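All remarks here apply to the structure that follows.
Every number in this text was worked out from the coordinates using simple rules, so none of it is lab data. Note that this is a predicted model, so its numbers are computed, not measured. Using ideal geometry, Cβ is built from the backbone for each residue, glycine included, and neighbour counts are taken over all protein chains shown.
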Amino acid sequence: MKHIFKSSTFTFLLIALAGLTTITSCSKHSDYDFTGTATANVRLVNTSTDAGPSKLYLNDVLRTTNAVSYGTASGYSQTYIADNTIAVQSASGTMLASSSASLDADGNYTYFLTGASGNYAILTSYDNTTTPTAGKAKVRFVQAASGLASANLLGNGVSLFAAQSFKAVTNYMEVTAGTFVFTVTSPGSEITLASSTSTTLQAGKSYIIYTSGISGATGTNALTVNVLSTNQ
C-alpha cells in the first residue's frame, strides 16, 4: 500500500505539472492577444496593377484580415512594436516584397505595395503627426505609380509638392480645410496626368494623397490619384 500511494502521488504531480506548463506557455505569448502589451497599428495599400490580391505580414504573422486587391486599402490592425520584418505576400503565399523597421508604441503605419512585373517594393508612411492649426488639415504625398519617374501634386490648381520621384514619401504640410481636387502633372508641364475625385478635407485631420497604377496606361491600370485618411 505504501508503494502504491507514492506511485499515485507521483503520477498526480506529473499531471498537475504538465497542466501548469501548458497554461503558462499559452498565456506567455499570443500573436493576436495584446492585453497589457505596447502595440502599433498597421495597414496595407495595394498600388500595384499586377501583383494581385496581397497580404501584410509582420514577423511572419498575418496582419490583414483579407487579401488587399489593387486600388484598395485594408483597415488598421494591431501588431507588436520593436523590431519587425515587414513582408507583403500574394494570396497564394509568394513573397512580393519585404523590409524591416522598428515600430513605435501607439504608432500608425501605412504600407504601400508598389511596382510591377515582379519588381515590387514597400513604401512606409508613419501616419502620426501633430494636430494641425485650427481650420487646417494636413496632407502628404506618396508617389507610388509605376513608370511615373517624377510628379507634381496640385490641390485646386495650387502647387503642393513639386518633382516627387517614384517611391517618394513627403513630409506633411498644412492646407486650409475644405473641398479639394488633387491633380498630378509632369514637372515642367501643365498637362494633367490624373486627378482625384472631389474630396472634403476636415479641419484637424490628416490625409495621404497617393498615386497608383501605371503612367500612360488606360482602363483598370490607368494612373489614379487617391485620398486616404490617417485618422482612425
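Across the range 87-94, coupling constants 3J(HN,Hα) worked out from phi with the 6.51/-1.76/1.60 Karplus curve, θ = phi - 60°, read 9, 10, 10, 5, 4, 8, x, 6 Hz, and Gly and Pro carry x. For the range 31-128, the relative contact order is 31 percent, taking Cα pairs closer than 8 Å that sit 6 or more residues apart in sequence and dividing their mean separation by the residue count. Between A121, A101, A87, the Gaussian network model of the chain with springs among Cα atoms under 10 angstrom shows the greatest mean-square fluctuation at A101. In this structure the amide hydrogen of L193, modeled in the peptide plane, comes within under 5 Å of the amide hydrogens of V184, T185, S186, none closer than 5 places in sequence on its chain.
If you only keep lysine pairs separated by 8 or more in sequence, or across chains, how many in the chain come under 23 Å at the Cα atoms? Intermediate values should be presented prior to the final figure.
Values: K55/K167; K136/K205; K138/K167; K138/K205.
Lysine pairs, 8 or more places apart or on different chains, close enough: 4.
In terms of its C-alpha gyration tensor, the range 31-128 has a prolate overall shape, because the principal axis ratio a/c (a ≥ b ≥ c, square roots of the eigenvalues) is not below 1.5 and a/b outweighs b/c. Taking amide H atoms as placed 1.01 Å from N in the peptide plane, the amide H of S69 lies under 5 Å from those of S54, each 5 or more residues away in sequence or on another chain. Remark: Y111, Y80, Y207 ranked as Y80, Y207, Y111, counting other beta-carbon atoms within 10 Å and listing the fewest first. Note that the range 185-200 has calculated 3J(HN,Hα) couplings of 10, 7, x, x, 9, 9, 6, 6, 8, 6, 9, 7, 6, 5, 9, 9 Hz, one per residue in order, obtained from phi through the Karplus relation 6.51 cos²θ - 1.76 cosθ + 1.60 (θ = phi - 60°); glycine and proline are x.
Using the Karplus relation 6.51 cos²θ - 1.76 cosθ + 1.60 with θ = phi - 60°, the per-residue 3J(HN,Hα) values for the range 100-111 come to 9, 6, 9, 9, 8, 4, 6, x, 10, 10, 10, 9 Hz, with x marking Gly and Pro.
Over the chain, what relative contact order in percent results from Cα pairs under 8 Å that are six or more residues apart?
Working: 558 pairs, mean separation 34.9, N = 232.
Computed over the chain, the figure is 15 percent.
Rounded to the nearest 0.05, the FRET efficiency derived from the C-beta distance between S69 and T130 at R0 = 45 Å is 0.85. Between S165, S206, S54, the GNM of the chain built on Cα springs shorter than 10 angstrom shows S165 fluctuating the most. Taking amide H as placed 1.01 Å from N in the peptide plane, the amide H of L148 sits under 5 Å from that of S215, each at least 5 places away or on another chain. GNM remark for the chain: springs join alpha carbons under 10 Å apart, and the peak mean-square fluctuation among I214, I81, I191 falls on I191. Taking all Cα pairs closer than 8 Å and separated by 6 or more residues, the relative contact order of the range 27-69 comes to 33 percent.
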